[in-house]
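Single-structure report; data block below.
The values are calculated or read from the model by the stated rules, or taken from the named source; none is laboratory data. Since the structure is predicted, the reported quantities are computational estimates derived from the model, not experimental observations. FYI the Cβ positions are ideal-geometry reconstructions off the backbone, even for glycines, and counts take in every protein chain you see. Protein only, heavy atoms only, side chains kept; ligands, DNA and RNA dropped before computing areas. Shrake-Rupley method; radii C 1.70, N 1.55, O 1.52, S 1.80 Å.
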Amino acid sequence: MKKWIIVCMLMFPLLQQAGAQRTESLPFDVILKKVSAEKGLVVLNLWATWCRPCVAELPHFQKLQDSLAGAGVQVWLASADFSSQQQNVAPFLASREFTMQSFHIADAGDSGWIEKADPAFSGAIPATLVFKDGVKVAFHEGAFTRDELFAFIANLRSRDSHKEHKSH
Amino acid sequence: MKTVFSILMMSLGITAMAQGYKVGSKVKDFTLKNIDGNMMSLENGREAKGAIVVFTCNHCPFAKAYEQRIIDLNEKYAPLGYPVIAINPNDPEAVPEDSFEEMQTRAAEKGYTFPYLIDETQDVAKEFGATRTPHTFVLQLEKGKYVVKYIGAIDNNAESAEKANDKYVEKAVDALLNGKKVETTEVKAIGCTIKWKKG
């Protein structure tokens, strides 16, 4: 019995970690490189734990992932939190039961990555990029309501199916 | 129908946001309330050679990270003719921490030596095309009119002043003081969105 208790106690933090789905801190262009290797739609949301409008829209992104995961749509989060605060990102998401793939932008404090995200991006978060088969197809600066987000993505997905029809 | 309408409104919103000053724009005079209760106009500072207008606020972590650097900019450049003018563009109803009273408290605590103005109608922020805090505009007085010479980030590292080794605003002002052209005229940076009034 004692052994089991010890095992459980040891497992607990590991289980916590698994639930917290580690947030890797990577330079932004490395995150972009990862996205470029993915098939299907990747919705990349730029946010930070301290950004109120960002946090307010996270549930919509979770809902998006939940409803469209089967249809080849992935939702990734990239946090622009300070490097000194990056260890807060994973617990922040875990405590709110968000399961989206999560990254931290290691060079967020720098200014170079903003242009890399999109020339139209002013630097104000939240902002969302959408990639299809690794290529950026859309950029949106500002927060989404749930309806707006779903409509935005639905629009991009229907655009694709039209293209596919044309290629026949 | 509702979603089409929202998307239409969103795109209009985005277009509206894209307006604002560019490098070379002449700045319209503005008059805003300062933390000392007095109204202050841009064109008050006639002995100045220019100004460093910073849209900033109390609550945003990026603004906080830059607060000391903003204070330092004023210390260095006000005597040289380029004073800092800080403007809080946020809706205090959205962010109570950015209320006028809180601005006064903060300025007193930190010993601000520059005007900290409240943009109550948010018209000045819109006129400038400010989108976030902090968002800096370096202006030079040319024949009685303030002209925009630099827009954007203060330096290349929001998180750490020590690690910031490319100080865009300082470089811009130094160039202007030496009668030279500003080489890097625009640098984007991350910041908190401006909290626009609803409706």
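Assorted remarks:
- Of everything listed in (1) part of a loop (DSSP other than H, G, I, E, B); (2) open to solvent by 10 Å² or more (accessible area, probe 1.4 Å); (3) within 9 Å of another protein chain (Cβ to nearest Cβ), the single unmet condition for A:Q85 is (1).
- Among (1) more than 7 Å from chain B (Cβ to nearest Cβ); (2) open to solvent by less than 10 Å² (accessible area, probe 1.4 Å); (3) farther than 16 Å from A:K33 by Cα, the one test that A:R146 misses: (2)
- Residue within segment B:132-141 that is surrounded by fewer than 24 Cβ atoms within 10 Å (Cβ to Cβ) and in contact with an Asp or Glu (Cβ under 8 Å, 6 or more places away or on another chain) present: no
- Among (1) at pLDDT 95 or above; (2) more than 22 Å from B:E101 (Cβ to Cβ); (3) away from chain A (no Cβ under 14 Å), the one test that B:R69 misses: (3)
- Answer from B:D91, B:D166 - the residue that is open to solvent by less than 40 Å² (accessible area, probe 1.4 Å), closer than 23 Å to B:I190 by Cβ and not hydroxyl-bearing (S, T, Y): B:D91
- Identity of the residue in segment B:99-131, aliphatic (A, V, I, L, M) and within 14 Å of chain A (Cβ to nearest Cβ), that ends up surrounded by the fewest Cβ atoms within 10 Å (Cβ to Cβ): B:A125
- Test: A:I105 is facing another protein chain (nearest Cβ under 8 Å) and among the β-branched types (V, I, T): no
- Reported count of residues in segment A:108-129, each being of a type outside the set (A, V, I, L, M, F, W, C), part of a helix (DSSP H, G or I) and within 7 Å of chain B (Cβ to nearest Cβ), is 1.
- Flag for A:A94 being out of contact with any Leu (no Cβ under 7 Å at 6 or more places or on another chain) and within 9 Å of chain B (Cβ to nearest Cβ): no
- Segment B:153-199, residues that are modelled with pLDDT of 95 or more and of a type in the set (F, W, Y): B:Y168
- Selection within segment A:36-59 - within 14 Å of A:E141 (Cα to Cα) and either open to solvent by 30 Å² or more (accessible area, probe 1.4 Å) or charged (D, E, K, R) (or both): A:P53, A:E57
- Some residue of segment B:51-65 being open to solvent by 30 Å² or more (accessible area, probe 1.4 Å), under 21 Å from B:K149 (Cβ atoms) and at pLDDT 95 or above: no
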